[in-house]
Amino acid sequence: MFKSSSQLLSVVLGLGLIGSNMFSLFILARKDNGGIPTDLANLPNTPYSSVQIRSEKDGDKHNWSFATKQHDPKTMLAYETSEQPTFSGKIKTKHIHKESLAQAVFYPRGEGGKLTQSQILCIEKKAQGASNGQLIADSASVQITPAITGIPIVGPVLAGIFFGQARKQAAQIAGDIALDFNDC
């Protein structure tokens, strides 16, 4: 029926994926808990996100709707209109449209709404530590990833995941160490 073991493996993995998705849908559709998480306090959020859950009951029907907006608004808009006289005596209207990315404030602002010199120094030190951590992870991962790549079928995928996660974790740890070392 199957010409090679890789075809059988593909069929088994496909059936497992379909089965796990069906099982998840079955758990969510059970009537005893309604499929909605009971602990709503643990939903992921940021200062720029919103979560909305709505329940409607009409006779025996019970409908749930769930809406989330992460990082909303993505851009901050500012408009300014000013009028300036020209040399010829006419009035020139100037329209300014500024658009910037919304960002969470991780460092409290100092005097005048600007970062202090020590906060800027801490941000620079964390960035330097993170880049040094990535270099260390790269040098260690270069020795390990060829061995992981040699694993049949899933080796290249695992090597890529390992390499990326090693860089990410090393950068995070090295950045935190840099902040602690510099008393930030």
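Among ARG54, ARG167, which comes first, second and so on when ranked by fewest other beta-carbon atoms within 10 Å?
Numbers: ARG54 9, ARG167 18.
Neighbour counts put them in this order, fewest first: ARG54, ARG167.
Grab the other residues whose beta carbon is less than 9 angstrom from that of GLU80, score K and R as +1, D and E as -1, and report the net.
Numbers: positive: LYS94, LYS98; negative: none.
Every neighbour counted, the sum reads +2.
Using a 10 Å cut-off around each Cβ, can you sort CYS122, CYS184 from fewest to most neighbouring Cβ atoms?
Details: CYS122 18, CYS184 15.
Neighbour counts put them in this order, fewest first: CYS184, CYS122.
Readers should treat all values here as calculations from the given coordinates under stated rules, not as data from a laboratory. Since we're looking at a predicted model, the values are computed, not measured. Please note: Cβ atoms are built from the backbone with ideal geometry, for glycine as well, and neighbour counts cover all protein chains shown.
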